[in-house]
Each structure stands twice: as structure tokens, then as C-alpha cells.
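Right, one structure below, let's go through it.
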Amino acid sequence: LYMKHGMAIISLRAKIQGFIVLDYIKEWSNAKKDLARWVLEGKIRYQKEDIRDGLENAPSALVDLFHGNNNGKLIVKVGEQQVKRKEIVSRL
């Protein structure tokens, strides 16, 4: 971000601030409990997956992904058959 917009940030006297999750590792146990409670209480909502059916929808799904038009993990579902990992490895 800074490399691309560095001069604009400086001239606008903007502030960039972030954090590293590992700085708060001691709080993780309490945070998990709080987050789970907030989800159950409806204070936080989340969408795990945005599933698009059919390989024919893959191009538009990719466009949506790059435009941020997906909610959660974007998946293009191309079939119902599930293959176990062992079966894939044995074919290699």
C-alpha cells in the first residue's frame, strides 16, 4: 500500500496502522469464547462459503472474486462425487 500510494499518504498526513495476530496469542482463548457467543447471540454473522454451481459459471465466479463480489470462500462446484485423498494419492 505504501509503495503504491506513499506520496498521497504523506501529503494527506494519513495514518496507517495494523497489528499482527500473533501479538495477541495470549488472548486467543478468551477471544474464541467471545466470538462464539456473539455468533450465537446474532451480534456477528458470517458466511463461510459462496458456492457457484457448474463449471460454466467459473469465468464469472473468477471475475466476481477479483471484484470482491463474493461472500466468504468462493467455490465453483463441478460435481457431487467426492474422492478421498488416499484414492488421489494412489493414482499418482
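Results, tabulated for the structure shown:
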{"read-out": "Simple spin-label estimate for W38 and Q82 in nanometres, 7 Å along Cα-Cβ", "value": "3.1 nm"}
{"read-out": "Relative packing of peptides 28-34, 59-65, 40-46 - highest average C-beta neighbours within 10 Å first", "value": "59-65, 28-34, 40-46"}
{"read-out": "Nearby lysines by direct alpha-carbon distance to K33 (threshold 17 angstrom, same-chain neighbours under 8 apart not counted)", "value": "K43"}
{"read-out": "Summed side-chain charge close to A58 - residues other than A58 whose Cβ falls under 12 Å, Lys, Arg +1, Asp, Glu -1", "value": "-1"}
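Every number in this text was worked out from the coordinates using simple rules, so none of it is lab data. Because the structure is a prediction, the values reported are computed rather than measured. Cβ sites come from the backbone with ideal geometry, for glycine too, and all protein chains shown count toward neighbours.
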